[in-house]
């Protein structure tokens with residue numbers, strides 16, 4: 001039961017999955033969706049009911065709300081000087097994927113990013129001593145990029161926020177396949193299927209006393225952010241609980257755990273090709289075949 005989120009509130013006993021499936025299908029039909037949830041795709045426990053990861057609600061989440069970026073795209077990655085040096089000094093160069101505990105409201109950023117998702121989808125009571133946001137986020141590792149079609153104002157904000165005066169803007173060509181998730185951040189889900197999920201969640205809680213859960217949906221907590229739209233962000237994310245082999249994670253105390261992926265390998269997944277480095281810092285390491293230029297150069 002480690003691959004779904006437990007909710008603290010709820011009656012004790014198995015949920016009435018047939019009645020819950022009928023309720024879900026009524027809401028889906030009212031919203032114009034033709035999919036139907038079968039009771040056989042629902043499981044339950046003392047406090048929650050959840051859908052199997054190959055169920056129609058899960059597929060609707062993927063297809064409608066968080067589609068995968070297909071193929072290879074060019075993106076920017078802004079980094080302060082120390083991080084930029086770390087990327088370029090490695091042999092071969094590497095990029096970090098950092099634990100999503102960095103994004104939890106109790107963490108150093110205090111942005112409440114993951115709670116944005118839970119509130120949007122109708123999980124207001126997600127709190128428990130043993131199954132809290134830190135634990136849920138602890139298996140997920142990510143790195144962020146900005147889409148390369150930034151306007152001048154938004155790019156300046158990213159320099160100010162992440163790279164500062166002596167940092168760097170990396171230009172990568174990136175492609176990723178399963179088990180990695182490569183998706184754009186969604187900043188506004190109003191009027192989307194998110195409202196349907198919220199209605200389903202709240203209706204089940206009010207009518208039956210259970211909270212609907214999601215088997216593996218928690219991966220998507222990393223792709224919704226109710227603020228900072230100017231970042232035009234996309235992310236690569238890996239949930240280490242969903243892969244059979246161990247990832248060499250480095251603890252990096254007192255900061256956040258991470259692991260590294262190689263840059264420049266044609267057969268790697270994710271595939272990351274470094275195209276350009278823009279920086280006013282004169283002492284960054286030079287990599288053959290990569291274009292270097294200063295910020296004021298066109």
> Does any residue of segment 142-155 turn out to be part of a helix (DSSP H, G or I), under 18 Å from residue 98 (Cα atoms) and either modelled with pLDDT of 95 or more or touching a strand residue (DSSP E or B) at 6+ places or on another chain (Cβ under 8 Å) (or both)?
Replying inline: no
>> Just to be sure I understand the filter: pairs with C-beta atoms under 6 Å, separated by 6 or more residues or on different chains, first member in segment 129-149 and over 15 Å from residue 76 (Cα atoms), second member at pLDDT below 85 and assigned to a loop (DSSP other than H, G, I, E, B). Which pairs pass?
In response: 131/6; 133/104; 134/104; 137/104
> If you take the residues in segment 50-71 that are surrounded by fewer than 18 Cβ atoms within 10 Å (Cβ to Cβ) and part of a helix (DSSP H, G or I), which one is modelled with the highest pLDDT?
Replying inline: 64
> Taking segment 72-106 on its own, how many of its residues are out of contact with any strand residue (DSSP E or B) (no Cβ under 6 Å at 6 or more places or on another chain), assigned to a loop (DSSP other than H, G, I, E, B), surrounded by fewer than 19 Cβ atoms within 10 Å (Cβ to Cβ) and in contact (Cβ under 8 Å) with a residue 40 or more places away in the chain?
Replying inline: 2
>> Which residue is surrounded by the fewest Cβ atoms within 10 Å (Cβ to Cβ), if the candidates are limited to segment 12-49 and must be touching a helix residue (DSSP H, G or I) at 6+ places or on another chain (Cβ under 7 Å), farther than 16 Å from residue 60 by Cα and free of Cβ contacts under 8 Å to residues at least 60 places away in the same chain?
In response: 18
> Somewhere in segment 228-240, is a residue touching a residue at least 12 places away in the same chain (Cβ under 8 Å), over 23 Å from residue 21 (Cα atoms), in contact with a helix residue (DSSP H, G or I) (Cβ under 6 Å, 6 or more places away or on another chain) and assigned to a loop (DSSP other than H, G, I, E, B)?
Replying inline: no
>> Based on this model, can you work out whether residue 22 counts as outside any loop (DSSP other than H, G, I, E, B) and modelled with pLDDT of 85 or more?
In response: yes
>> When you scan segment 243-258, do you find a residue that is more than 17 Å from the chain's Cα centre (by Cα) and under 20 Å from residue 162 (Cβ atoms), even just one?
In response: yes
> If you scan segment 241-264, which residues turn out to be in contact (Cβ under 8 Å) with a residue 24 or more places away in the chain and in a strand (DSSP E or B)?
Replying inline: 258, 259, 260, 261, 262
> Of all residues in segment 156-204, which are without any contact (Cβ under 8 Å) to a residue 12 or more places away in the chain and either touching a strand residue (DSSP E or B) at 6+ places or on another chain (Cβ under 8 Å) or in a helix (DSSP H, G or I) (or both)?
Replying inline: 156, 160, 195
>> Regarding segment 197-204, can at least one residue be identified that is surrounded by fewer than 18 Cβ atoms within 10 Å (Cβ to Cβ), modelled with pLDDT under 95, in contact with a helix residue (DSSP H, G or I) (Cβ under 9 Å, 6 or more places away or on another chain) and over 21 Å from residue 114 (Cα atoms)?
In response: yes
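Kindly indicate whether any position in segment 215-228 is farther than 18 Å from residue 114 by Cα and either within 20 Å of the chain's Cα centre (by Cα) or at pLDDT 90 or above (or both).
Taking segment 215-228 and keeping what is farther than 18 Å from residue 114 by Cα, we get none.
Looking for residues that are farther than 18 Å from residue 114 by Cα and either within 20 Å of the chain's Cα centre (by Cα) or at pLDDT 90 or above (or both), one finds none in segment 215-228, hence no.
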> How many residues are at pLDDT 90 or above, outside any strand (DSSP E or B) and under 18 Å from residue 168 (Cα atoms) when one looks only at segment 265-298?
Replying inline: 14
>> Every residue in segment 140-154 that is buried (at least 19 other Cβ atoms within 10 Å of the Cβ) and more than 13 Å from residue 235 (Cβ to Cβ), please.
In response: none
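The values are calculated or read from the model by the stated rules, or taken from the named source; none is laboratory data. What you see is a predicted model, and the numbers here were worked out from it, not measured in a lab. Positions of Cβ are generated from backbone atoms using ideal geometry, with glycine treated the same way; all protein chains shown enter the neighbour counts.
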